[in-house]
Structures are given as C-alpha cells and as structure tokens.
Amino acid sequence: MNAGRKFALTGLVLWLSACASGPETRKDSKLTGPEAGPATAVSTAPKPEETKPQPKEAAPVARSLSGAERDFTSAVEVARRGELTIAETALKALLEKSPKLAPAWTNLGIVQERQGRFPDAERSYRQALVLDADQEAAWDCLVRLAARTGRAASLEAELREALAKQDSVARRTALALNLLLQKKHPAAVAEARRALQVSEQHVPAMQVLAQVYAREGKYELASMVLGNALAIDAEDAATLNALGLVHLGLKERPQALERFRQAVALRPDFAEARNNLGTLLNEGEDYAGARVELESAVKAAPDFAAAHLNLGNAYRGEGDFPRALAEYERVLQLQPDTKDAYFNLGLLHLDLEPAGMDALERLQKAASFLEQYKSKGGTDERTAQYLKDAQKGIDRETRRRERERKEGLKKAAKAPEANPTPAPPPGPPATRPGASGKVSQDVR
C-alpha cells in the first residue's frame, strides 16, 4: 500500500464542509450534520411550556409506558435496531388502534424512507402534521426528504403559502431549514431569526442559524449560537453533532471527537454522528474503531451513501479488499453520479493486491476508475500522478509477461525432439521420511 495516497471521503452536505479524511483519504472531505435518525422516538406526552425549557429524559420516549405508549416505545426500539420490516408492522398495528397518534405516523414515515419508499414516507409525515401541525420532527423529516428528492422548491412555496395564512414557529423553522438546504443562506437566516423572535429559546431555529454561520466560515459565531442551544437543552444530540463540526472548523480535533461521542451516546441510532466519529477515527488510522461506528451508521441508515463510502475506507485501511469494494459499489448504486467513489475505487485497485485477481487486470481497472473520476468532473490534482502510477504498473507487468513469453519460447526451442527415449519403469514406492509422524535417526 502506498501510504502517500489519499482517498476521497464524502458526506451529505446537510451541515457544513469540514476537512477530515479516512485511510489514505482526500483532504477535501465532508461530514454530516443534524439529521433525523432511523427513528425519532417523538414523545407522546404533553409538550412542556415554551417559556420553561425542560431537560430531556435519558431515553427520548413517552413518560407513560401503558397502552399505546408502550407499543409505541417498543416499535421505536425495534426500528433503532434496524429491524425495519418488523418496526413497520408494529407501527401500523398501533395506528390501527390509535390513528391519531402523530409521533407514530412520523416514525412510520422514517421507517418507510429508510426502505426507499419515499411516497409512502411523505404521506406518513404529512398525516403526522395533519394531526399535529407543530411537530418539529415531522417537519424536519419532510423538509429533508423533499431536498433529497429534488422537490425543495415546491415545498418552499407550500410553506410560504401556509405561513401567509397562519404564522407558526415550527413552519417558520421548517422554511429556514428548507432554504438552508437550497443554499439560500440570507433567506434562511431571516426565517430562523423570525422564528426566534417568537420563541427565543427555540433550539431547532438556533441550529439552522448556526449552520449558516458555519457554512460561511463564521465558526466563532456558530459556536456561540450552539452554546446557547446547549444551555437550553444539554442533551440535544443534533446540537452536539453540530458543535463537533464547528470544532473541526476551528481545528480543534479532540473537542470534535468528544462532541461526536457525546451525540452517539445520547442517540445510538444517530447515523450522521456515527459517520462523523468514524470519519475522524479513520483519519487517525484507528480503522477498527472507525469500522464499528460506520457499520452502525449504515445499519441505522441503509441509504446513507457517505457512511458507506467511509466504511469502505475503513475496510480498505484494514486491507479488506472485498468488503471495501462492496461498499464503494453500494455508493454507486445509491448515487450513480458521485465522483469520489470512482476515485477511491481507483486507488483501491492501485494499492491493494487481492488474492486471485490478475495483476494486469487490477491495474487496468485502477486506471479505468481514475479516468471515470476525471470524466465526471473530478478535479483532485493528484489524479494525474495516480494515473501515471497505474500506467507504470501496467507497462511493468506487460514487460514482465513478454519476458516470460520469450523465455518460454527459448526453452521450448532447446527442448529435446519429440518421442524421446522412454524412461525406465519406476521401482517400488519409497517411504516419505516422517510420514508416520516420526523421523528416522538416519535422516539428516
């Protein structure tokens, strides 16, 4: 393995771009920010008063564990373990008995979205909002789903129309997040501030505001806003994950690691925090530790392309060619137009030598993947050198094979003519020394 070669590491650009790398990884990588996990576990208990912030419970589930709430809690835990089909069945059974349980509709949508059933997921989110128009988790999920499926602009228009009829902090914050994901930063800041004017301790609006500041490189300002959010709710995993990214922007890697670990401890199913922690562990060449975090990330969010790419880097760091290859191929299934997977595939074939793979074929594949990276608009300045390395390897292997071919021809020309004198018949078979497990004293 060439220790000087750096891989590409990517992320869903939901929070901010941050420099971090996996094993042999490109330095212009991206981490991921606040995002819904595979199950939000929205409480079915009454909401606390806006003017008196309440600390979160250790487990973000309903306070009462009787009847529908008990079934809801059980279904959420099943979803968090990644058993999505079972979780969906449980949530549907619950909703048949309690069709007005808005948090159950939200979690059903999340399970459906993780299964790739986007229209079903959107219907579930919208049903949750019909029952509770101010449910933050449902708005968050709906906004992010619209952004991922290319319908952010239409949802923006819908939100503006609804706000013109009736103002709402939840809708205002959803619009701010929608604008952020469309990279309309000034408009996002304006909407987040309007939400905070109504509810000055509204943590989701603070998170959006901080995201904009961080994307603009105003890390100190972002840190101040997130510090205020953390003072209001010390156990908000999204705030902690966001602070980790701000620490990275400020070149404070140890603090970033600690923040990501805190976020994961609070929400073990928080795929984005797991991805970010795994990214930094990859960077520190703790590939085994990174693998654990990133395997958890893709289990919680099977369609999380960035985590699959980073997991491939962890496998590659451990020298596991087949698993690394499978993860990079999975990235291309999820995001066929991504560039970084081709870059990493090129270096994987260039540097590792899996058993059973023809050396010339491997090097030719390395060159092909790097050329595909270039053709898709990849601009990493090291690509030209890596292509030269691949071509040198191809030329060297081709010359070696040509030498072997010529030597074979020379040996064949010097070989005795056909039909040589037959050898005498073999004598009795000899006993192989030590065949019985003991070696004769006469054997030297």
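The values are calculated or read from the model by the stated rules, or taken from the named source; none is laboratory data. Everything quoted here is computed from the prediction, not taken from an experiment. Here the Cβ is made from the backbone with ideal geometry for all residues, glycine too, and neighbour counts use every protein chain on show. Accessible surface areas use protein heavy atoms only, side chains included; no ligands, DNA or RNA. Shrake-Rupley method; radii C 1.70, N 1.55, O 1.52, S 1.80 Å.
Odds and ends about this structure:
- The condition (being free of Cβ contacts under 8 Å to residues at least 60 places away in the same chain and open to solvent by less than 10 Å² (accessible area, probe 1.4 Å)) is satisfied by just one residue among A164, A146, A152: A146.
- All of E191, E216, E200, E158 fail the test of being closer than 28 Å to A265 by Cα and either of a type outside the set (A, V, I, L, M, F, W, C) or within 25 Å of the chain's Cα centre (by Cα) (or both), apart from E200.
- Test result for R253, open to solvent by 50 Å² or more (accessible area, probe 1.4 Å), of a type in the set (K, R), within 20 Å of N282 (Cβ to Cβ) and touching a Leu at 6+ places or on another chain (Cβ under 8 Å): yes
- Hits in segment 285-306 - residues which are touching a residue at least 60 places away in the same chain (Cβ under 8 Å) and either among the β-branched types (V, I, T) or under 29 Å from R148 (Cα atoms) (or both): A290, K299, A300, A301, P302, D303, F304, A305, A306
- Search result, residues across segment 375-389 that are more than 14 Å from N344 (Cβ to Cβ) and either touching a helix residue (DSSP H, G or I) at 6+ places or on another chain (Cβ under 7 Å) or outside any helix (DSSP H, G or I) (or both): G377, T379, E381, L387, D389
- All of A231, A190 fail the test of being within 19 Å of A263 (Cβ to Cβ) and open to solvent by 10 Å² or more (accessible area, probe 1.4 Å), apart from A231.
- Qualifying residue in segment 167-185 (condition: outside any helix (DSSP H, G or I), hydroxyl-bearing (S, T, Y) and out of contact with any strand residue (DSSP E or B) (no Cβ under 6 Å at 6 or more places or on another chain)): yes
- Screening segment 391-440 for residues that are surrounded by 10 or more Cβ atoms within 10 Å (Cβ to Cβ) and part of a loop (DSSP other than H, G, I, E, B) and picking the one that is modelled with the lowest pLDDT gives V439.
- Any hit, segment 261-270, residues being within 29 Å of R316 (Cβ to Cβ), assigned to a helix (DSSP H, G or I) and open to solvent by less than 50 Å² (accessible area, probe 1.4 Å): yes
- Sub-7 Å Cβ pairs linking a first residue in segment 237-259 that is in contact (Cβ under 8 Å) with a residue 24 or more places away in the chain to a second residue that is surrounded by 21 or more Cβ atoms within 10 Å (Cβ to Cβ) and of a type in the set (D, E), at least 6 apart or interchain, are N241/E272, ordered by first then second residue.
- Cβ pairs under 6 Å, 6+ apart, first in segment 200-225 and more than 13 Å from G244 (Cα to Cα), second of a type in the set (S, T, N, Q) and open to solvent by less than 40 Å² (accessible area, probe 1.4 Å): P204/T173; A205/T173
- Here is the figure for segment 57-91: residues that are at pLDDT below 50 and open to solvent by less than 90 Å² (accessible area, probe 1.4 Å) total 6.
- Residue in segment 109-116 that is open to solvent by 40 Å² or more (accessible area, probe 1.4 Å), touching a helix residue (DSSP H, G or I) at 6+ places or on another chain (Cβ under 7 Å) and of a type in the set (D, E, K, R) present: no
- Helices (runs of 4 or more DSSP H) lying entirely in segment 271-364 (those with 1 or more residues that are among the basic types (K, R) and under 30 Å from G393 (Cα atoms)): 305-317, 321-334
- Selection count, segment 282-317, where residues are surrounded by fewer than 19 Cβ atoms within 10 Å (Cβ to Cβ) and over 14 Å from the mean Cα position of the chain (by Cα): 5
- Segment 318-363, subset of a type in the set (G, A, S) and crowded, with 17+ Cβ neighbours inside 10 Å, residue modelled with the highest pLDDT: A324
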